[in-house]
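Below: one structure, written as structure tokens.
Coordinate-derived values only; no laboratory data. Worth saying up front: this structure is predicted, and the values here are computed from it rather than measured. Here the Cβ is made from the backbone with ideal geometry for all residues, glycine too, and neighbour counts use every protein chain on show.
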Amino acid sequence: MARAKKLPSKPLPANRMASLLEEFIEWMRVSNAAAYTVYHRRACIAGFIRWAYAHGIEDPMEVTRPVLQNYQRHLYYYRQKSGEPLTFRTQYSRMVPVRSWFRWLVRNNHILHNPAADLDMPKIEQRLPRAVLSESEAERVMLQPDIGEPLGLRDRAILETFYSTGIRRTELVNLKLYNLDRERGTLSIWQGKGRKDRIIPIGERAVAWIAKYLREARPQLASDPDDGTVFLSVEGGPFHPDRLSALVREHVEAAKLSKRGACHMFRHTMATLMLEGGADIRYIQQMLGHADLQSTQVYTQVSIRNLKQIHTATHPGATLEKQPPAATDAGSNEEEQLKADLLAALENEAAEDE
């Protein structure tokens, strides 16, 4: 998952839309929505309310589909401080809460009809992870913290945990001592994304580094009252997710790789290396906590190593020296049929191209 872009936090105008937003936020909290979901939706809807106010719109009854389409165009042409436009994924993520809000307004009889009901949303491109570490690159990052210092020992344990499990940064921030079963080598993730619990394995090496941190460094960081959070900041409490990302990014940059990333980089790395090692994608899905296998299938596109090996072994032009043809079983009717089907498919594609 790319890093969430920080949204503006300017004050809202005192109008009916702003008061209805607060009612919506209260309803979300009563419905047990995740804290980050509440924050993100409030920020996105507030952005729309400020834009609408600047265009003379203060009541949701005044919002029509053309108004929402104009707001979509505003997001499309908006430029950040860097001069870069918002990605289509970000535009989509800004519009989804607005659409949800109008659906809630209709259901609660605040407006008569939903102007966002049939709104065309920006199409999201299927993106590959920006950076995935090789095994040797991951090991270089592991070596960056100074394990002779309490904070360095903590950082090494954090990096090892990310690398071994691929958990999300918020899941690591919320880890408690009772979530780690060192004897069984498992982590229990409570209330992960979608309020779902899961139990996943953690490697012996990561467990050993966590044990060393708990024994030698955590007592120096902990402060009363101690709520049992595993990884503590210098203030003695849980990390803020953004601070954790900054810490991991510092170690990645210190490794002087040609790749940039932070916590999520290790999530991508864990999934890709496991897939290249022969793990079934369904097990990777369980590790990552994906509800839909389609979310996990992106890693089959990233795992190029096995495909490269097959390409080198079978393609006559893949190497500088000509390779002898691989031995085949000439008597295999199934293989001959597969070859015939492949040739037929290629011929059909060629005909379509013409």
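Taking amide H positions as modeled 1.01 Å from N, with prolines and chain starts lacking one, the residues under 5 Å from K176 and 5 or more places away or on another chain are V230. Residues of the range 30-50 with an amide N closer than 14 Å to a point placed 7 Å from the Cα of N70 along the Cα-to-Cβ direction: 49-50. Working from label points 7 Å from Cα in the Cα-to-Cβ sense, the R184 to S100 distance is 3.2 nm. Computed over the range 183-256, relative contact order equals 16 percent, with contacts defined as Cα pairs under 8 Å that lie 6+ residues apart.
May I ask you to derive the FRET efficiency for Y39 and D224 from their Cβ-Cβ distance with R0 = 25 Å, giving the value to the nearest 0.05?
Details: r = 29 Å, r/R0 = 1.15.
Given R0 = 25 Å and the Cβ-Cβ separation, E is 0.30.
Using a cutoff of 8 angstrom between alpha carbon atoms and counting only pairs six or more residues apart, the relative contact order for the range 1-153 works out to 21 percent.
So which of K212/K256; K81/K123; K81/K176; K176/K256; K81/K256 end up more than 30 Å apart by C-alpha? Each step should come with its number before you reach the end.
Values: K212/K256 27 Å; K81/K123 24 Å; K81/K176 38 Å; K176/K256 32 Å; K81/K256 27 Å.
Listed pairs above 30 Å: K81/K176; K176/K256.
The charge dipole of the range 135-264, taken about its Cα centre with unit charges on the Cβ of Lys, Arg, Asp and Glu (plus for the first two, minus for the last two), comes to roughly 480 debye.
Give the residue list of trypsin sites (Lys or Arg not before Pro) in the range 193-237 that are DSSP loop and have at most 15 other beta-carbon atoms within 10 angstrom. Walk me through the numbers before you get to the answer.
Values: sites: K193, R195, K196, R198, R205, K212, R215; in loops: K196.
Answer by residue number: K196.
Summarising the label geometry, the points placed 7 Å from Cα in the beta-carbon direction at D280 and H55 lie 5.1 nm from one another.
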